[in-house]
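To start, the structure itself, in structure tokens.
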Amino acid sequence: MTLSTEPHFSTTGHQTAEPSVVAGLDAWRELNPLQQPTYLDSEAHKRAISELSTLPPLIFAGEADVLKAKLAAAARGEAFVLQGGDCAESFSGATADKIRNRVRTVLQMSAVLTYGGSLPVVKVGRMAGQFAKPRSSDTETRDGVTLPAFRGDIVNDHEFTPESRAHDPQRLLRAYHTAASTLNLIRAFTSGGFADLRLVHEWNRGFLANNANYHRYEALAAEIDRAIKFMDACGADFDALRTVEFFSSHEALLLDYERALTRIDSRTGNPYDVSAHFLWIGERTRDLDGAHVDFLARVRNPIGVKLGPTSTADDALSLIDKLDPEHEPGRLTFVTRMGADKIRDVLPDVLRRVGEEAPQVLWMCDPMHGNTITSKSGYKTRRFDDVMSEVAGFFEAHKEAGTIPGGLHVELTGDDVTEVLGGAAHIEDDGLGDRYESLVDPRLNHEQSLEMAFQVAELLKK
Ligand SMILES: O=C[C@H](O)[C@H](O)COP(=O)(O)O
Ligand SMILES: C=C(OP(=O)(O)O)C(=O)O
Ligand SMILES: [Mn+2]
């Protein structure tokens, strides 16, 4: 990567940071970043990056600070975090209906988890920017034809033709604009009355009426019902519960996109990546001396790192030294994704050592990425029971280590897709093809997501 961009200035036009701080934001360019696109037209790429650098921030740095304080509370056991959305958002999927359904699903899950844990739930979407995908292979072969792998709508198109799979720098701009319109609608929904607790509870009653496992969840739903009636009788101000905070997040994979959207906060002189409130580093790019760790170490957003099954306590402690040397509350989240068959063996030791040396770290469970299988019919899928077993293993490991299970990170959609096996509707291998819509990984559908919430609420109650 040789592309260089101009130093960035605050949105008010003044350079408020030390030149060395600004220069450091480009140090990743010398570190051979993994999983980056290759553009044939480097001039078009430069023009796209230069335009991105002039576009307004998608979030305000102060909002990222608010989220950081909430994540700090979750790390202390005073809140629980729910982070959810598509594996890969798509440009064509950024419709009002689909965005509304995803927001609604996260709100419904949050209501159940709030009750189960008697804790505020911090709501974070894998939304409004989750467009870039790391892949296991650079290519895909179908019927003897090999083309570049699909790397997310920000890089290329999913259609299996040479033209569609070419890496197109114009997509960087389309990703920004799609993120902006998605975030705008999320902000409208969550501040305009769509998040009203009474409405959300009514939706949950509708979910229960149609769920085959009704009997398992009925008692909890009845308790929530009584709690709402009790609040009402006490004169609770339900109008104050019509608005919720909803934060955006995505994997910070394409570093020139993230760099172009990094600005100096005029309040503090610190750099923030204003493409989203929360950014994370994926399992494939968390190399300690790699470009992604270098870049995210230099921005002040709250950040996350995925930890897969080969992670050790030493790996985690070294990542903390680089990414959170001051042990700042809310700054660093580890998102474990070890697999249902490994989490109980691997996680407790990591938790014990990190818990002793760096108790400020927030722990979240991604029960999706360690449980991916290929079904007999050839679909990339996951079993709902494996997903839930990993969540249970996460709670067990924290109990064993005396640390705090702080949240869930889930690939989900609000639509009625058939991508994950099982759940009360018993989706089976031969039904996966009915509505398999994901462009990369299988997501919990609306019903499976709510079942997860009811089951996790049971775990939180314990
Ligand atoms: O979402 C996560 C990864 O991008 C995805 O699991 C990679 O999938 P692949 O192994 O099919 O490339
Ligand atoms: C790529 C992802 O996960 P991981 O880095 O954990 O494989 C993801 O969250 O979509
Ligand atoms: Mn995924």
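Things to note:
- First in the range 55-78 and closer than 19 Å to Ile186 by Cβ and in contact (Cβ under 8 Å) with a residue 60 or more places away in the chain, second anywhere and open to solvent by less than 30 Å² (accessible area, probe 1.4 Å) and charged (D, E, K, R), Cβ under 7 Å, 6 or more apart: Pro57/Arg263; Ala61/Asp265
- Any hit, the range 149-163, residues being among the charged types (D, E, K, R) and closer than 21 Å to Val456 by Cα: no
- Considering the conditions (1) open to solvent by 10 Å² or more (accessible area, probe 1.4 Å); (2) farther than 30 Å from Ala75 by Cβ; (3) in a helix (DSSP H, G or I), Ala175 is excluded by exactly one of them, (1).
- Checked against (1) in a helix (DSSP H, G or I); (2) away from ligand 2 (no atom under 16 Å from the Cβ); (3) among the aliphatic types (A, V, I, L, M), Val350 meets all criteria but (2).
- If you go through the range 358-377 and keep only what is more than 13 Å from Leu421 (Cα to Cα) and either in contact with a Leu (Cβ under 6 Å, 6 or more places away or on another chain) or assigned to a loop (DSSP other than H, G, I, E, B) (or both), you end up with Ala358, Pro359, Gln360, Val361, Leu362, Cys365, Asp366, Pro367, His369, Gly370.
- Exclusive hit being within 13 Å of ligand 2 (Cβ to nearest atom), open to solvent by 10 Å² or more (accessible area, probe 1.4 Å), touching a residue at least 12 places away in the same chain (Cβ under 8 Å) and closer than 30 Å to Phe160 by Cα, set Arg100, Arg135, Arg126: Arg135
- Residue pairs whose Cβ atoms lie under 7 Å apart, separated by 6 or more positions or on different chains, with the first residue in the range 392-406 and touching a residue at least 40 places away in the same chain (Cβ under 8 Å) and the second among the small types (Gly, Ala, Ser), are Gly393/Ala340; Ala401/Gly355; Gly402/Gly355; Thr403/Gly355; Ile404/Ala75; Ile404/Gly77; Gly406/Ala74; Gly406/Ala75.
- Output for the range 372-419, where each listed residue is within 16 Å of ligand 1 (Cβ to nearest atom), surrounded by 23 or more Cβ atoms within 10 Å (Cβ to Cβ) and not charged (D, E, K, R): Thr381, Val387, His409, Val410, Leu412, Thr413
- Test: residue in the range 426-433 that is open to solvent by less than 40 Å² (accessible area, probe 1.4 Å), more than 16 Å from ligand 1 (Cβ to nearest atom), over 30 Å from Asp314 (Cα atoms) and assigned to a helix (DSSP H, G or I): yes
- Yes/no for Asp341 being over 30 Å from Pro169 (Cα atoms), out of contact with any helix residue (DSSP H, G or I) (no Cβ under 7 Å at 6 or more places or on another chain) and at pLDDT 95 or above: yes
- For Thr54, the conditions (1) at pLDDT 95 or above; (2) polar (S, T, N, Q); (3) surrounded by 14 or more Cβ atoms within 10 Å (Cβ to Cβ) are fulfilled apart from (3).
To keep it simple, each residue is scored yes or no on (1) closer than 14 Å to Thr336 by Cα; (2) within 16 Å of ligand 3 (Cβ to nearest atom); (3) touching a residue at least 40 places away in the same chain (Cβ under 8 Å).
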residue: Gly355; (1), (2), (3): no, no, yes
residue: Met368; (1), (2), (3): yes, yes, yes
residue: Lys380; (1), (2), (3): no, yes, yes
residue: Val417; (1), (2), (3): no, yes, no
residue: Asp430; (1), (2), (3): no, no, yes
residue: Tyr436; (1), (2), (3): no, yes, yes
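The values are calculated or read from the model by the stated rules, or taken from the named source; none is laboratory data. Model, not experiment: these values are computed from the prediction. No Cβ is skipped: glycine too gets one built from the backbone with ideal geometry, and neighbour counts run over all protein chains shown. For the accessible areas, the whole protein counts, side chains as well, though only heavy atoms, and no ligand, DNA or RNA atoms are used. Shrake-Rupley method; radii C 1.70, N 1.55, O 1.52, S 1.80 Å.
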